[in-house]
Structures are given as structure tokens and as C-alpha cells.
1. Find the residue count for region 94-108, including only residues that are under 25 Å from the mean Cα position of the chain (by Cα) and open to solvent by 50 Å² or more (accessible area, probe 1.4 Å).
2. Can you tell me which residue in region 56-68 is farthest from ARG152 (Cα to Cα), limited to those that are assigned to a loop (DSSP other than H, G, I, E, B) and open to solvent by 40 Å² or more (accessible area, probe 1.4 Å)?
3. Name every residue in region 69-82 that is in a helix (DSSP H, G or I), buried (at least 17 other Cβ atoms within 10 Å of the Cβ) and in contact with a strand residue (DSSP E or B) (Cβ under 8 Å, 6 or more places away or on another chain), in order of residue number.
4. For region 109-157, what are the residues that are free of Cβ contacts under 8 Å to residues at least 60 places away in the same chain and crowded, with 19+ Cβ neighbours inside 10 Å?
5. Determine whether VAL53 is open to solvent by 30 Å² or more (accessible area, probe 1.4 Å), among the β-branched types (Val, Ile, Thr) and not in a loop (DSSP other than H, G, I, E, B).
Amino acid sequence: MTDNNRPSRPSRVRALPPWSLVAAGVLAGGLLGGAYGELKPPTYTATSYVIAVPTDKSDTASATGFAQAYGRVATQLAVLADAQMWAGVPVRTLRDSVRTATSPDAPMIAVSATSTHPADATDMANAVARALTRHADDAKDDTHVELLEFSRAVKPTAPASASAKVTGLVGASAGGLLGGLGLLVRPRRRPAEEAGRPASVPGPAVAADAHGAR
């Protein structure tokens, strides 16, 4: 006959394997990265190129040096204030959206503009390039270098921002990395104790006392 009042042994909860933390990080990171790529509006980048040309009183080395100087001047207020008339956007938008790049080996300036609308990116890049050439033309008698528009920006057909698939992969990689770091810093579990210990065998003195008590 069984005793219904006897408490039952608590069931053991099976621990999750260590790699489950990494898998959870990959899944969570992939979902967050993919959602970010879907919700963020795509951005487009258009680039216009300007070349520095030396006059009869200068040389190519001087033109290359002035190209780097004009590349830094292109995003200054004096140039952007003129460019806003052709771009149709405020100076603050031009300051946040336009970037320039130069090369130490070539007298070339790349003027790039980024926007959520392809036409706006094209207009801003061409407007800043045009304003920069006008400023350089006003100073060419002193610098002996003039700027010419080498290539106008064209309307971009594909976004420059990463797609949802790419952001999802980046998020999954970051999540997996964080999960792996979590495995390294997590506290180590102690070995499980034995369910029961074997009964100790009484020694000679204990056995003799028990025999005399009978």
C-alpha cells in the first residue's frame, strides 16, 4: 500500500546547452538588423568631379596642392551660401549632406551629396561644385590655378544605403558575437552533487556498543 501523503521528489529542470546563448543572439540580432533595414528610408549618393588646372604661371604640383585646399573649402559657409541658390535647400542641409574627397596624387576633387531623394542628391552635388569653381575663378589671378567641372553628377539609380538583407546579416553577426562573449563571462556552474551518499559502515567501537546494548 502506497503512502499518498509522502511528498514527491521535485523534477529536475534540464539545463539548456551553452550554444543556445549564441543561437539566441544570432536570431535576435538578425531580426533587429533586418527590421532596421526595412524601416530606415534608403539614401542616394551623387558625385560631381572638379579638376584643378594650372595656368601658364603655375605647374601640376601647385594645382594638386590647391585641389586639396579647395576640397576643404568646399564645405565652408562662403561656398555653401552660394550653392543653396542652385540646390534649392538650406545651408544646414548642404553642410550635413555634402562631403568632399581629394587625392595627393591627382588635382581632382570629388563632391558627393547624400539624400533620401535621388534628384536632391544630384542637385546638391552639382550646386556645390559650381559654387566652388566660381570661388576659385575669382582667386585664380593670385593662385594661378583654376577649377573646371570635370564631370557633373548624374541621378543615382540605386540606393547607397545597405539593404535589409545586409543589415540583417550584420545584426546576426553582432548578436552571435555578443552571445559568444556572454558564454565567456558567464559564471561556471559547480558540478552536480550526488543524489545520495552510501551509508557509512560503523566502526568496531560503535559495533561493540550496539552489541552490548542488546
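The values are calculated or read from the model by the stated rules, or taken from the named source; none is laboratory data. Source: prediction; values computed, not measured. When we count neighbours, we look across all protein chains shown, and the Cβ atoms used for this are built from the backbone with ideal geometry, even at glycine. Ligands, DNA and RNA are stripped out before the accessible areas are found, and what is left, the full protein with its side chains, is counted by its heavy atoms. Shrake-Rupley method; radii C 1.70, N 1.55, O 1.52, S 1.80 Å.
1. Selection size over region 94-108: 5.
2. The residue in question is LYS57.
3. Those that are in a helix (DSSP H, G or I), buried (at least 17 other Cβ atoms within 10 Å of the Cβ) and in contact with a strand residue (DSSP E or B) (Cβ under 8 Å, 6 or more places away or on another chain): TYR70, GLY71, LEU80.
4. Across region 109-157, the qualifying residues are ASP120, ASP123, ALA127, ARG130, ALA131.
5. yes
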